[in-house]
Structures are given as C-alpha cells and as structure tokens.
Amino acid sequence: MAGVVGGRPMIGETERAHIAAAKAYRPAGEPSGARRRLADFITSFYARIRIAVPAGLADRLADPSLPVIEMAHDGQLPHLGIVRSVLKADEIAAATGGVCLYLIGNHYTSAMKPRNLHLGMPLRGVAPEKTKSPLRVSVGGASEDVPFKLLPAPSKEQLGDLEARAADYLTNNAAHERSRGTEVRDLGAVEARMAATFHVLRSTAGEVGSFGDWLIRVQHDLLDAGRSLPSTLFAPFGDLHVPLRRELAAVMAREPDTIRLKASVSQGQRERGEKPYAALPVSSGWLACPRCGNRARTESLSTTAVRFKCPGCGQTAEGTLADFEDRFSPDIVLFELMLFQAGIHGWVVGSRAAYHPVIEAAHRLILGGEMPPKFLLASVPRFRGIGDPPDGYGRTRLVRALFESERDVLLSALRAPWAEDPALTSPHLDLP
C-alpha cells in the first residue's frame, strides 16, 4: 500500500536501506563550522523571502553529529517527480533525526530548460509541451539567458493574464473530455482550486525580490512545507558558495586537477558509448555577464583570479571571486565538492547523470575517501487529469495537479514506496 498511515510515512525495504546507509556514512574531515554557517545563511534567507524556519530545524542543521540529506534541482515550477523526490528525501532525513536540504537552482536560466516554467496544462488531449502555445511564466525574450536570481519576480498582471488563459484551457479540456464520453464532475471545485493556486502565485510574487526567490517561495507555500516537509529546509542553490567560502576555496585550489579529471572521465564515457560530461575541458565556474547579464562559463578560475569573456556581448572581466560573488556560481562538480565538506550523509538523485562519475573521481582525489551514498529515485509519477492524453502524463507540474487534487491526497500518493511508479487520476474524471 502506498502513502501514509495515520499521517506517518510508510517506510519500505529500500527506504530502510537508505536510512541505514545515511546513518552509517562518515564524512571525510571535520565540518569546521560549515554547518552553523549554512544554518545561519538559510535562516537569513528565510527572513528575506518572508517565511519562518520550523522550530529547531536550523539547530539540527548546525549540529554536525546529525545527518543531512541533499536533494537538489534546477529552478522550476516542479513536476511531480521532483516533488516525490523531496518527500522521500524528507522521510530519510526524519528517520535519521537529521535534516533534508532542498536546493533550488536560482542560478539557472529560462533558456536552459524552457519547459521548467511551464504551467503544465494540456489542451484537448495534447501534452503540455506539444501544444501550439504552452502556458508558461515568461521572463521575456531578452532575459532568457539571465540567471533567475538576477531577474524580477513575475508581475501580478502577467500572472493574471496566465490565469485567464488557464481558465480557457480548462473550459476547452472539459468540453474535450465530454466529447469523448468522459464525465467531468464538479468543475466548479476545479475552478475554485485554480483560483486559490493562482492567488499563491500572485501573492508570493509581491513578497520577494527576485524570480529565483519566487520559484523557491512558491514551492514552499504550495507544498505547505512546514507541515508536509517537517524535516526540510529550502535553500538557494546558486548562493551557497557565500556561507561556504572556505570550503569553496579548498576545492578551487585544485582546479587544474578537476579540469584534468573532467577530461579523462569524459573521454572514458565516450569510449564506452556513453554521453560524456563535457566535449572539451571546462572551468568549474559560471558568471552572469556584468554588462548583459547572460550566464556563461568562466574562462578560468582560481583562488586568486576569475577571468570571464561573455560569448554574447563580448564583455571581458577579471577580478577576485569576491568581486563577482553575487554573479558567480560554481558548476555542479565544484558545488558538490564544496557542499560535501559541510557533512552531507546522503544524496537523492533522479538519474545517473554524466557528471556523477566526475564528482566521484574528484571526491576521491581532492577530499579523500568515498563520497556520500547516492539514492537513485527513478520512478515516474503519472497523472491523468482533465484534457490529458488517455494514458496520462509523466511530467505533470505541481501547479496543474493542485487544480484538480487536494494537496494532502496528492502528496500521500507521491509518498508511495521507493520502487513504485505512482499513478494518479483526477477525482473529477469518471473514467472506465
């Protein structure tokens, strides 16, 4: 049976194995105050986006004797697979007495994965990304390559227009279902939940200072995180190098070794017929151009100098990391090596990404020993709602699912045992 009993997660065999692995893992070296710095930074971040830290959770993060479980993803309006990963990471953290860190990529851009800002509504049986005009929150064409953390939150007017379009989609989708003989029940309740969800989108946009902060605050509020994720702290992925400057410097000092590892691991992947991490040796940093704001790789990176040339406008820049701190972000390899030094005991991932072997090799060389255990959650929740293809959709966005499902029912289904592929159906459809 999936879900929860009496409000408590049902822990299966795989979950128990992950909990045991997280408890047994011993990070290399001492955190040297990194956990307290992380806790203080996240506490300040919560104040910035106007939410309260759950009682005692920051102190649990600051305690190096307690496990920390990492779940990280790019900035987006999350699909249900991501929500499921966070819920399961929270379960592991709670069972160990520790904390889950949910890291959201405020340093990503809209151009990197355009679907990430989709509302996720289908149209007359066509999946969201295949519709002629997908419903999405736009950052504007000139800002597609600018990191979310440097962009303003969406305007209430933009979100109001999006809500009106979503209402039209719902009307058309309901008519489509009826035309193929499917009864649509209580459409008024869907309209009410849609209005409530858009209220959250609009109200949060007025309380934060950037698009990146909005993406985090929206997820926190839509999930009612203090209740549904009691062991989880949300954090801006692209800003954690600020409290972890010491840890960042320790791995930046080995940048030549990291670049060589990237090249050698990528070559081995190519020889095995796998997708390589990188086509060419690349530096380990990203910078938002001081002139146009577009995000691109640094030309070179060291503890004493950062060099950058924007491939878009041609702007060049050179200085110390402190000169560019708000525009800089480490790449995923440098980031994980930095974060692992703060005492990570488990890492929930959704795929076998090409960068994993690079991080593993770099961890052995630079930090010593084996890296924290990875917990692969590859299951794919499918949702069949009003207007979806007949067999449902495997990347339904949380926003859209909340139009048709009560939050607690939805999250309970997503807590299904690790190996299951949760199948969810809108209660507003009378399907055979």
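Points to keep in mind about this one:
- Residue match in the range 401-408 (condition: among the charged types (D, E, K, R), in contact with a strand residue (DSSP E or B) (Cβ under 7 Å, 6 or more places away or on another chain), crowded, with 16+ Cβ neighbours inside 10 Å and in contact (Cβ under 8 Å) with a residue 12 or more places away in the chain): no
- The single condition among (1) of a type outside the set (Asp, Glu); (2) without any contact (Cβ under 8 Å) to a residue 60 or more places away in the chain; (3) buried (at least 18 other Cβ atoms within 10 Å of the Cβ) that Gly33 does not satisfy is (3).
- Options Phe328, Phe335, Phe324; residue that is more than 30 Å from Thr14 (Cα to Cα), in contact with a strand residue (DSSP E or B) (Cβ under 8 Å, 6 or more places away or on another chain), at pLDDT 95 or above and buried (at least 16 other Cβ atoms within 10 Å of the Cβ): Phe328
- Residue that is farthest from Ala362 (Cα to Cα), among those in the range 284-318 that are part of a loop (DSSP other than H, G, I, E, B) and within 23 Å of the chain's Cα centre (by Cα): Gly293
- Where Thr204 falls short, out of the listed (1) buried (at least 20 other Cβ atoms within 10 Å of the Cβ); (2) of a type outside the set (Gly, Ala, Ser); (3) in contact with a Leu (Cβ under 8 Å, 6 or more places away or on another chain); (4) free of Cβ contacts under 8 Å to residues at least 60 places away in the same chain: (3)
- Out of Ser110, Ser85, sole residue that is in contact with a Leu (Cβ under 7 Å, 6 or more places away or on another chain), part of a helix (DSSP H, G or I), of a type in the set (Ser, Thr, Tyr) and modelled with pLDDT of 95 or more: Ser85
- Residue match in the range 46-54 (condition: in contact with a strand residue (DSSP E or B) (Cβ under 9 Å, 6 or more places away or on another chain) and assigned to a helix (DSSP H, G or I)): yes
- Extreme residue, surrounded by the fewest Cβ atoms within 10 Å (Cβ to Cβ), among residues of the range 18-30 that are in contact with a Phe, Trp or Tyr (Cβ under 9 Å, 6 or more places away or on another chain) and in a helix (DSSP H, G or I): Ala21
- Residues that are free of Cβ contacts under 8 Å to residues at least 60 places away in the same chain and touching a Lys or Arg at 6+ places or on another chain (Cβ under 6 Å) within the range 98-128 comprise just one, Leu117.
- The range 346-393: number of residues that are part of a loop (DSSP other than H, G, I, E, B) and either touching a residue at least 40 places away in the same chain (Cβ under 8 Å) or basic (Lys, Arg) (or both): 18
- Ser143 fulfils the conditions (1) in contact with an Asp or Glu (Cβ under 8 Å, 6 or more places away or on another chain); (2) surrounded by fewer than 22 Cβ atoms within 10 Å (Cβ to Cβ); (3) among the small types (Gly, Ala, Ser) except for a single criterion, (1).
- A Cβ distance below 6 Å, combined with a sequence gap of six or more or placement on separate chains, defines the contacts here; from the range 139-161, residues that are more than 14 Å from Trp214 (Cβ to Cβ) reach residues that are small (Gly, Ala, Ser) in the pairs Glu144/Ser110; Glu144/Ala111; Asp145/Ala111; Val146/Gly293.
The values are calculated or read from the model by the stated rules, or taken from the named source; none is laboratory data. Keep in mind that what you see is a predicted model, and the values were worked out from it rather than measured. Neighbour counts are summed over all protein chains in view; Cβ atoms, including those assigned to glycine, are modelled from backbone coordinates with ideal geometry.
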